[in-house]
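Working notes, structure below.
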Amino acid sequence: MLELSILGFLAEEPLHGYELKERIKALTGHVRPVSDGALYPAITRLVTAGKLDQHREDGAGAAPRRVLSLTDEGRADLLERLRHPRQPEITDHVRFNTVLAFLRHLPDRGEQATVLRRRLDFLETPASFFYAEGKPVRAEETGDLFRQGMLRVARATGEAERAWLREALEQLTQASRSFR
């Protein structure tokens with residue numbers, strides 16, 4: 001997820017490390033904060049792999065700063081990660097939002113739709129935080145006020161996301177038809 005965020009934001013414009021960290025932090029928020037101990041080694045791995053270029057620029061103060069930009073190899077890696085997100089990037093809400101934030105970089109509407117269909121298929125599979133006798137427990141079936149709250153909020157969120165996914169898939173389908 002971190003590398004996808006790095007590649008995605010650098011596909012939009014070159015950034016220095018602090019700007020990149022702030023954008024990733026804004027995307028993932030307090031749910032998955034990014035530390036310097038994770039960010040800078042990830043940047044180093046991507047530079048070493050030839051996916052990022054870096055050069056020094058004078059900073060606002062006296063210290064120069066390292067500006068990062070995406071290479072052609074980095075762009076190809078980004079597109080591949082977007083075409084074929086790993087299963088946790090489909091099933092985990094925060095990770096899926098990261099994919100969603102950069103899916104517009106994938107030029108093929110059909111490939112975009114495939115990713116959205118995977119998420120919709122996942123969301124349409126009955127699931128719960130709690131199970132009884134191997135079956136998902138619904139909000140109405142629990143006597144616990146707090147678990148009921150969790151389940152009701154999750155259901156409302158899921159309904160809203162499924163509705164949006166269906167709308168987006170319809171728009172992508174229509175765009176594909178008119179593009180032919």
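Computed values, structure above
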item	result
Residues located in the stretch 53-105, provided they are under 16 Å from G17 (Cβ atoms), aliphatic (A, V, I, L, M) and touching a Lys or Arg at 6+ places or on another chain (Cβ under 9 Å)	V67, L70
The stretch 1-45 - residue that is of a type in the set (A, V, I, L, M) and open to solvent by 30 Å² or more (accessible area, probe 1.4 Å) and, of those, nearest to the chain's Cα centre (by Cα)	M1
Given (1) modelled with pLDDT of 95 or more; (2) of a type in the set (A, V, I, L, M, F, W, C); (3) open to solvent by 20 Å² or more (accessible area, probe 1.4 Å), index of the condition A62 fails	(1)
Test for T48: is it more than 15 Å from the chain's Cα centre (by Cα), open to solvent by less than 30 Å² (accessible area, probe 1.4 Å) and at pLDDT 95 or above	no
Qualifying residue in the stretch 121-134 (condition: farther than 19 Å from D92 by Cα, at pLDDT 90 or above and part of a helix (DSSP H, G or I))	no
Identity of the residue in the stretch 121-150, hydrophobic (A, V, I, L, M, F, W, C) and out of contact with any strand residue (DSSP E or B) (no Cβ under 9 Å at 6 or more places or on another chain), that ends up nearest to E111 (Cα to Cα)	F122
Unique residue being open to solvent by 80 Å² or more (accessible area, probe 1.4 Å), at pLDDT 95 or above and under 20 Å from M1 (Cα atoms) when the list is E159, E80	E80
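The values are calculated or read from the model by the stated rules, or taken from the named source; none is laboratory data. Just so you know, these numbers come straight off a predicted model, no measurement behind them. Note: ideal-geometry Cβ built from the backbone for every residue, glycine included; neighbour counts use all protein chains shown. Just so you know, the surface numbers come from the protein's heavy atoms only, side chains and all, with ligands and any DNA or RNA stripped out. Shrake-Rupley method; radii C 1.70, N 1.55, O 1.52, S 1.80 Å.
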